[in-house]
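A short reminder: the numbers here are calculations on the coordinates, not readings from a lab. As the structure is a prediction and not an experimental result, all values here were calculated from the model. Glycine also receives a Cβ, built like all others from the backbone with ideal geometry; neighbour counts cover every protein chain displayed.
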Amino acid sequence: MRLAELFHSIQGEGKLVGVPSVFVRASGCNLRCTWCDTPYASWEPEGPDVSVDEIVRQVAAFDTKHVVLTGGEPMIMPDIVPLAEALKARGHHITIETAATVFKPLPLDLASLSPKLSNSTPWDREGGRFAAAHERQRINVSVIQQFIDGSPDFQLKFVVSDERDLSEIQSLLEQLKHWEPSDVLLMPEGVDATTLDSRAEWVGEICKRTGLYTVAAVSTVTWWSRRLSRSQSSTTCGMIIGSPPVTTTCRQLNPPTRRTISSTGTSSPSGCQLA
Ligand code: SF4
């Protein structure tokens, strides 16, 4: 499998937010989201071909049960099934992060599905040369339903740019069965804290109206985790090293509480990043 990166960090979004995890990022994607936050795994794929055995060996170097197979699009990788089987055989909890356009039966514990809305179509990027193919492939209702019906647990994540996205989400949800509002997460689109914070406010209002969940500014942490990991400053379990201060909401606390993570942040015993 072409591997963009493999790193140990904290899951920053969804049902397993806060859980220390090893992330295995496949390089290559059948979509081209205009706002893609991992271009090195889609628009400009990077990384060497790495065997299943070698990936399993690298994962084993971290004393971590949870493994996240992500991308790019991990489901288009020819050896994704043997990789998932090998990790499962070693007792790992497996999350697949996928846009849910391709289904293959494989052992997983959480299907993290992120169908792409029309706000993702790259009409204005690279002369729009990927727009038609992206538009054709971005939603596959029967594949999404296969994941929902065939997985022990799942979540549906939607990146939202403005309130008009909600009608698209509602239209898709009406075509799907066997989901609860708590399975649906709205993520404000943005790669900087200011944008995320401003969009988090109205996304929060939508969630209050609809009962859907939001991951709000927690994605800021994920973004910085990725950036730090790629620059080798690295995040480690429970501590962020050398990050700029990031203000976010810790949903592990009751009530959820705004906290600022700084370069001197230390961990809680649960591994939460928030000091
Ligand atoms: S599906 Fe994910 S990896 Fe692929 S282009 Fe979209 S955001 Fe990037």
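Some values worked out for this structure:
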| read-out | value |
| --- | --- |
| Any chance residue 87 is touching a helix residue (DSSP H, G or I) at 6+ places or on another chain (Cβ under 6 Å) and away from the ligand (no atom under 14 Å from the Cβ) | no |
| Filter result for residue 21 (farther than 22 Å from residue 156 by Cβ, part of a strand (DSSP E or B) and of a type in the set (S, T, N, Q)) | no |
| Residue list for region 174-191, restricted to those being more than 20 Å from residue 34 (Cα to Cα) and either touching a strand residue (DSSP E or B) at 6+ places or on another chain (Cβ under 7 Å) or among the polar types (S, T, N, Q) (or both) | 175, 179, 182, 183, 184, 185 |
| Among (1) in contact with a helix residue (DSSP H, G or I) (Cβ under 8 Å, 6 or more places away or on another chain); (2) acidic (Asp, Glu); (3) without any contact (Cβ under 8 Å) to a residue 40 or more places away in the chain - the single one residue 44 does not satisfy | (1) |
| Residues that are under 23 Å from residue 117 (Cβ atoms) and away from the ligand (no atom under 16 Å from the Cβ), drawn from region 17-38 | 17 |
| Filtered residues of region 39-68 (kept if crowded, with 21+ Cβ neighbours inside 10 Å and within 13 Å of the ligand (Cβ to nearest atom)) | 41, 42 |
| Output for region 64-80, where each listed residue is of a type in the set (D, E, K, R) and either within 11 Å of residue 26 (Cα to Cα) or free of Cβ contacts under 8 Å to residues at least 24 places away in the same chain (or both) | 73, 79 |
| Region 138-177, residues that are more than 16 Å from the ligand (Cβ to nearest atom) and outside any helix (DSSP H, G or I) | 151, 152, 153, 154, 162, 163, 164, 176, 177 |
| Some residue of region 4-15 being of a type in the set (A, V, I, L, M) and within 14 Å of the ligand (Cβ to nearest atom) | yes |
| Where residue 83 falls short, out of the listed (1) part of a helix (DSSP H, G or I); (2) touching a residue at least 60 places away in the same chain (Cβ under 8 Å); (3) closer than 23 Å to residue 116 by Cβ | (3) |
| Count of region 41-79 residues which are in a helix (DSSP H, G or I) and under 17 Å from the mean Cα position of the chain (by Cα) | 4 |
| Residue count, region 95-134 (criterion: surrounded by fewer than 23 Cβ atoms within 10 Å (Cβ to Cβ), more than 10 Å from the ligand (Cβ to nearest atom) and not hydrophobic (A, V, I, L, M, F, W, C)) | 13 |
